[in-house]
Structure formats: structure tokens, C-alpha cells
Amino acid sequence: MLVLMGPPGVGKGTQAAMLEAEIGLPQVSTGDLLRAARRDGSDIGAQAGQYMDAGRLVPDELVVALIKRRLDLSDARQGAILDGFPRTVDQAEALQSMLAEQNRQVDRAVLLTVKENAVVRRILGRLTCASCNAVFHVESNPPRVAGTCDSCGDKLESRSDDNEEAIRTRLATYRASTEPVIGFYRSQGLLREVDGGQTVDEVFQGLQGALNH
Ligand code: AMP
């Protein structure tokens with residue numbers, strides 16, 4: 001099991017999707033799962049919505065239940081690329097015991113690093129496909145046809161939490177709640193760091209290197 005970490009907007013989703021295509025393990029993003037739950041009108045989605053729009057973390061119980069259900073699906077039996085989970089030390093501990101019950105474990109955690117003002121710029125230009133979760137950027141990675149997903153042809157939109165106020169809250173939440181998870185994996189010798197400020201392809205090379213060492 002691989003864990004991809006880093007602040008909002010660092011490029012976890014983009015890199016996880018590239019890695020999925022390369023190594024065949026599914027990308028599992030709690031953000032994508034939660035957004036799908038909201039669109040489906042499920043109970044979990046309704047409970048999560050207010051936290052997400054404010055840029056705050058959804059309660060651990062909800063997210064842990066969601067990830068457990070996802071990791072029990074057959075395509076994740078060989079492992080998965082976790083994108084945006086765990087985001088608290090409690091979630092990291094829950095993941096560890098959930099995996100241990102099945103004789104599985106986190107094999108590597110990779111932290112993508114970037115300067116804070118760069119992530120605000122990245123997030124404000126972000127365009128997302130609600131159908132297939134592909135991610136674009138108006139400047140650095142524009143779609144071939146404006147407003148249309150290259151992968152599935154559906155409409156691209158800005159996420160409801162990609163506004164400046166929610167981004168500031170998400171960054172503060174990251175510092176307070178998620179940064180401690182870095183130490184959790186570092187102390188187990190599982191952590192590698194990659195400079196997320198490089199081009200998409202350079203980051204991907206660094207990521208692949210980090211998985212092999
Ligand atoms: P993301 O797509 O990873 O940026 O996540 C979007 C939002 O979903 C976050 O700002 C949180 O509100 C919520 N979320 C996603 N993953 C988690 C998680 N592991 N724990 C708590 N909340 C989460």
C-alpha cells in the first residue's frame with residue numbers, strides 16, 4: 001500500500017493518476033470518494049458536505065468507514081495508491097490496524113513538498129472533471145478544448161472548495177492535523193520526500209525513484 005502525502009494543491013491527484021497507469025494499482029482518493037458520495041446524495045455525502053466546503057476535515061469515523069469499504073473491493077486486493085488519506089494521526093493508526101487484520105501494511109509514504117504561495121496559485125487555476133476526476137490547470141495544464149475534459153469529454157468545473165478562503169483553511173488544517181502524519185511515517189522509516197515544485201514529469205520521475213528506494 002502506498003501513501004501519497006502533501007499539502008492541498010501540490011499535485012497528489014495528478015501524480016496518483018499517472019502512477020495508477022504505470023503500476024496498475026488503483027488510485028484511492030478520499031476527496032474523490034467524498035465528492036462522489038455528495039453527488040449520489042448518500043448520508044455520508046450529506047454529512048461531509050459542510051466540512052468540505054469550509055475547507056475543514058471530515059470527521060475521522062466517516063472517512064475511515066469510507067476507506068475501509070473501498071479497500072475491501074477486489075481491485076485493491078494487491079494494494080492501492082492512497083491520495084489524501086490518512087490526514088490525521090488517528091486515521092494513520094486506523095489504517096495500520098485495518099491493514100494488519102488482513103496481513104497488509106503501508107509499504108511506502110511519499111511526501112510531495114511545495115511552497116505555500118505556489119499551491120494557492122495552483123489551486124485557484126484548477127479545473128476538475130466531476131465524471132472521471134481528471135485534473136487540469138488553466139495555465140500549466142490546460143485541456144485541449146476549453147472547459148472540456150480531455151479524457152472523457154465531460155464538462156470541467158472548479159471545485160466548490162477551491163476559493164481563496166477555503167484554501168487558507170485547508171492549508172492551516174494541513175499544518176495542524178496532517179503534518180504530524182509525516183512524523184508518523186518517518187519514525188517507521190517509510191517516508192521519502194520529492195520536490196513537488198518541479199514539472200509534472202520531473203515530479204513523476206522523482207516519485208518513481210522514491211518508490212524504488
Ligand atoms: P481533497 O480532494 O483531497 O483536496 O479533499 C477535499 C476535502 O475532502 C478536504 O478539504 C476535506 O474536507 C475532505 N477530505 C478528504 N480526505 C479527507 C480525509 N482523509 N480526512 C478528512 N477529510 C478529508
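Each reported figure results from applying straightforward, stated rules to the coordinates on display, with no laboratory input. Note that the structure is a prediction, hence the values are computed from the model and not measured. All Cβ positions, even for glycine, are placed from backbone atoms using ideal geometry, and neighbour counts span all protein chains on display.
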Per-residue ellipticity at 222 nm for the chain, helices alone: DSSP H runs ≥ 4 residues times -39500 (n - 2.57), over residue total, nearest 500 deg cm²/dmol? -14000 deg cm²/dmol
Any idea what the relative contact order of the chain is, in percent, if you count C-alpha pairs under 8 Å spaced at least 6 apart? 29
Taking the stretch 131-210, which trypsin sites (Lys or Arg not before Pro) meet the DSSP loop condition and have no more than 14 other C-beta atoms within 10 Å? Arg144
Using the 2.2 N^0.38 Å rule of thumb for compact globular proteins, work out how the chain stacks up: its C-alpha Rg over that value, please. 0.96
Partners for Lys12 among lysines (Cα-Cα distance below 21 Å; same-chain residues under 8 apart left out): Lys68, Lys115
Work out, step by step, the length gained on full extension between Asp201 and Arg77: first 0.36 nm times the residue separation, then minus their alpha carbon distance; give nm to one decimal. 41.8 nm
Working out 0.36 nm times the residue gap between Glu101 and Arg144, then minus their Cα-Cα distance, what length gain in nm do you get to one decimal? 10.9 nm
Within a Cβ distance under 14 Å of Val28, other residues only, what is the Lys/Arg minus Asp/Glu net charge? +3
Please find, in a Gaussian network model of the chain (springs between Cα atoms separated by less than 10 Å), the residue of Leu127, Leu99, Leu25 whose mean-square fluctuation is greatest. Leu99
